[in-house]
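Remarks on the structure that follows.
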Amino acid sequence: MSSRNSALVPFIMEHQDNIYRLAYSYVHNKDDALDVVQESIYKAMKTKSPLQDSSAIKSWFYRIVVHTALDLLKKRKRVQPIEDEQLHAIMDESEDHYSDVDMTRSLEQLPDKYRIVVVLRYFEDLKIEEVAEVLHENVNTVKTRLYHALRLLRIEMSQPS
């Protein structure tokens, strides 16, 4: 087993809920999210190039998950809106979930490019630089999107239901 694979397995086991949630945030479907996770693990395991910095495994693997989810969406050419029942079912399945339903609903209202920056930064606890690496974006682009996303969330959360 390569050194990357020996680090990858414990990482996946420790972060499986976060990995699933990241995939789900793109595909909005339990089965598709599981497919994305499985395909991402397969892609990571078959990669031959060594991981230069073992501390970068999180951003490296999250990038694989994001691209795999985007590939699935392109292949199927569909985006499914999330239903409240599906959201509650997913949230109830895990101890580590977004506790504020209003926040979750507000997040779902954001355009994908803003939502994923917020999810990666605040829910997956990535640094701005790691978010930029995962999304293959400039750090300043990520900062701008994060600023706009937080401003939109503030507006959305301040409006009465």
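The values are calculated or read from the model by the stated rules, or taken from the named source; none is laboratory data. None of these values were measured; they are calculated from a predicted model. Don't worry about glycine lacking a Cβ; one is built from the backbone with ideal geometry, like all the others, and counts go over all protein chains shown. Surface areas here come from the heavy atoms of the whole protein model, side chains and all, with no ligands, DNA or RNA. Shrake-Rupley method; radii C 1.70, N 1.55, O 1.52, S 1.80 Å.
Summary table below
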{"quantity": "Count of the stretch 115-127 residues which are open to solvent by less than 40 Å² (accessible area, probe 1.4 Å) and farther than 15 Å from R63 by Cβ", "calculated": "2"}
{"quantity": "Count of residues meeting criterion [touching an Asp or Glu at 6+ places or on another chain (Cβ under 9 Å) and among the acidic types (D, E)] in the stretch 6-65", "calculated": "2"}
{"quantity": "Among residues of the stretch 22-51, those that are open to solvent by 30 Å² or more (accessible area, probe 1.4 Å) and in contact (Cβ under 8 Å) with a residue 24 or more places away in the chain, counted", "calculated": "10"}
{"quantity": "Looking only at the stretch 67-84, and only at residues there that are modelled with pLDDT of 75 or more and of a type in the set (A, V, I, L, M, F, W, C), the one that is most open to solvent (accessible area, probe 1.4 Å)", "calculated": "L70"}
{"quantity": "Lone unmet requirement of (1) at pLDDT 70 or above; (2) surrounded by 14 or more Cβ atoms within 10 Å (Cβ to Cβ) for N140", "calculated": "(2)"}
